[in-house]
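Engineer: Below is the structure I would like to discuss, written out as structure tokens.
FYI, it's all coordinate maths here, none of it is from the lab. It should be emphasised that the depicted structure is a prediction, and the values quoted were computed from it without experimental measurement. Positions of Cβ are generated from backbone atoms using ideal geometry, with glycine treated the same way; all protein chains shown enter the neighbour counts.
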Amino acid sequence: MSIAENLDKIKQTLPQGVKLVAVSKFHPVKDISEAYDAGQRAFGESRMQEVDQKQSLLPKDIEWHFIGHLQTNKVKKIVPYVNTIHSVDSWKLIEEIEKQASVFNVSVNCLLEIHIAQEESKYGFNFESCRCFLKDNDWKSLQNVKIAGVMGMATDTDDLDQVRNEFRSLKKFFDELKNEHFTGYKHFKEVSMGMSHDYKIAIEEGATIVRIGTSIFGERI
Ligand SMILES: *Cc1c(COP(=O)(O)O)cnc(C)c1O
């Protein structure tokens, strides 16, 4: 099946209001163009150099989503064109995004990455560290950074009950944060969860953004 056919098939399964980010990491520019020609505008990349190169070659109305771990020294490269950073997990990183976004006079949507999987990971807040981070109230002074919701990845397992429970815990946490900290803050509305193999469960559990690569572009080389 072609990229356009894959996209079409996936879009038919998405309820209204759920955004599809086509994860194009490791795939060539011509594949992105093909998806673009089929109407797709939101693309996800996980490495600074890769997205930097690709965006320079592709139409300017593409909405770039950064989904990989981001080092502070790479922020200033992507801030001018990135729409959403899904992988924000420290105040230090947010401060740098705020600083660079004000230099370039742009706003950047940032999602708080929450560690929900059983697997070990160096990245992401856990629930408690995220609560502490928000209690500090420093984030209220942000001007160019919009805290737009949460992002998480479920454990890579065949145990679908576990996957469902992890997604459910992220949605529940999102609701908690919304009620405790973001009532009246209109930007905080996204729950980014679900990849090729588990996005249908994620949608059932309340995802507003799904990030799908392999089912659109095939296996990464
Ligand atoms: C690679 C990646 C995806 C896409 O995964 P697929 O299994 O190819 O759909 C989604 N989210 C993140 C954070 C990723 O790194």
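Engineer: Inside segment 29-64, can you point out the residues that are within 16 Å of the ligand (Cβ to nearest atom), touching a residue at least 12 places away in the same chain (Cβ under 8 Å) and not small (Gly, Ala, Ser)? Reasoning before the result, please.
Structural biologist: In the first step, residues of segment 29-64 are kept if they are within 16 Å of the ligand (Cβ to nearest atom); the result is 31-32, 35, 40, 42-51, 54, 63-64.
Of the ones still in play, those that are also touching a residue at least 12 places away in the same chain (Cβ under 8 Å) are 31-32, 35, 40, 42-48, 50-51, 54, 63-64.
Result: Asp31, Ile32, Gln40, Phe43, Glu45, Arg47, Met48, Glu50, Val51, Lys54, Glu63, Trp64.
Engineer: Give me the pairs, please: first residue somewhere in segment 134-154 and closer than 19 Å to Lys171 by Cα, second residue anywhere and charged (D, E, K, R), beta-carbon distance under 6 Å, and either six or more positions apart or on two chains.
Structural biologist: Close Cβ pairs satisfying both conditions: Ala148/Glu190; Gly149/Lys189; Gly149/Glu190; Met151/Glu113; Ala154/Glu166; Ala154/Asp198.
Engineer: Which of (1) over 19 Å from Asp89 (Cβ atoms); (2) in contact with a strand residue (DSSP E or B) (Cβ under 6 Å, 6 or more places away or on another chain); (3) of a type outside the set (S, T, N, Q); (4) surrounded by 18 or more Cβ atoms within 10 Å (Cβ to Cβ) is the odd one out, the single condition Ile201 does not satisfy?
Structural biologist: Checking Ile201 against (1) over 19 Å from Asp89 (Cβ atoms); (2) in contact with a strand residue (DSSP E or B) (Cβ under 6 Å, 6 or more places away or on another chain); (3) of a type outside the set (S, T, N, Q); (4) surrounded by 18 or more Cβ atoms within 10 Å (Cβ to Cβ), the one that fails is (2).
Engineer: Turning to a different aspect of this structure: Filter segment 138-186 down to the residues that are farther than 18 Å from Ser90 by Cβ and assigned to a loop (DSSP other than H, G, I, E, B) and list them by number. Can you show your working first?
Structural biologist: Narrowing segment 138-186 to residues farther than 18 Å from Ser90 by Cβ: 143, 154-172, 174-176, 178-180, 182-186.
Result: Gln143, Ala154, Thr155, Asp156, Thr157, Asp158, Asp159, Phe182, Thr183, Gly184, Tyr185, Lys186.
Engineer: Counting only residues that are out of contact with any helix residue (DSSP H, G or I) (no Cβ under 8 Å at 6 or more places or on another chain) and hydrophobic (A, V, I, L, M, F, W, C), which one in segment 105-129 is nearest to the ligand (Cβ to nearest atom)? Steps first, please.
Structural biologist: In the first step, residues of segment 105-129 are kept if they are out of contact with any helix residue (DSSP H, G or I) (no Cβ under 8 Å at 6 or more places or on another chain); the result is 105-106, 109, 111, 113, 115, 119-124, 126, 128-129.
When the remaining residues are screened for being hydrophobic (A, V, I, L, M, F, W, C), the result is 106, 111.
Values: Val106: 23, Leu111: 11 Å.
Selected residue: Leu111.
Engineer: Where in segment 10-116 are there helices (runs of 4 or more DSSP H), lying fully within it, with 3 or more residues that are surrounded by fewer than 16 Cβ atoms within 10 Å (Cβ to Cβ)?
Structural biologist: By residue number, 29-37, 48-57, 91-104.
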